[in-house]
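What follows draws every value from the coordinates through simple rules; no lab data is involved. Please read these numbers as outputs of a predicted model, since none were measured by experiment. Here the Cβ is made from the backbone with ideal geometry for all residues, glycine too, and neighbour counts use every protein chain on show.
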């Protein structure tokens, strides 16, 4: 399992889109930190980072098939992928939280990263997963909170856990 996680981390840290997303998120967070609260923008960057980290293998060439050939047990592969996303992007999430001036938000941003990775794994299309997440985070949830204040939404850790379990089930039940 450690070798699989290591291979997945290596794959993620060598992806140009991951490095570019981290750099842009850090830069925008630092710039906006001078004029206001950049945390919502940092959160969007973290969501995109999670989608790209989990969804890159489903683009174009279908790299997921190669990964499944190397690790045929799908539950092991999916678990390793989530661990790799946490390991590879965790430090970036901490830096973004520090640049936003809210180090206490690191845990929440890490949960957002894992939720985004889960959605991208389920949807298998990075653009579609990004659209779903940004619509949910920027439109649906604020509308629910504003217009139905008595509705109790489940606590933060429930959503990423539900998405990761759903992703595990979906990957085990469908073709590559």
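Just from its helices, what would the mean residue ellipticity at 222 nm be for the chain, if runs of 4 or more DSSP H residues each count -39500 (n - 2.57) and the sum is divided by every residue, rounded to the nearest 500 deg cm²/dmol? Each step should come with its number before you reach the end.
On the way: 9 runs with 132 residues, N = 176.
Helix-only estimate at 222 nm: -24500 deg cm²/dmol.
On a 0 to 90 degree scale, rounded to 10, what angle separates helix 74-99 from the longest Cα axis of the chain? Once rounded, the angle reads 30 degrees. In this label model, residue 27 and residue 146 are separated by 3.1 nm, measuring between points 7 Å along each Cα→Cβ vector. A Gaussian network model of the chain, with springs between Cα atoms under 10 Å, assigns the largest mean-square fluctuation among 120, 92, 54 to 92.
Can you give the convex hull volume per residue for the Cα atoms of segment 25-137, as a whole number of Å³? Please report the intermediate quantities before stating the final value.
On the way: hull volume 10.6 nm³, N = 113.
Convex hull of Cα atoms, per residue: 94 Å³.
From the P(r) of segment 124-164, can you give the percent of Cα pairs sitting at distances over 16 Å? Before the final figure, lay out each step's value.
Working: 401 of 820 pairs.
Value for segment 124-164 (Cα pairs over 16 Å): 49 percent.
Once both axes come from the Cα atoms, what is the angle between helix 158-173 and the longest principal axis of the chain, in degrees from 0 to 90, rounded to 10? Here the helix axis deviates by roughly 20 degrees. Helix 16-33 axis versus longest C-alpha principal axis of the chain: approximately 10°, rounded to the nearest ten.
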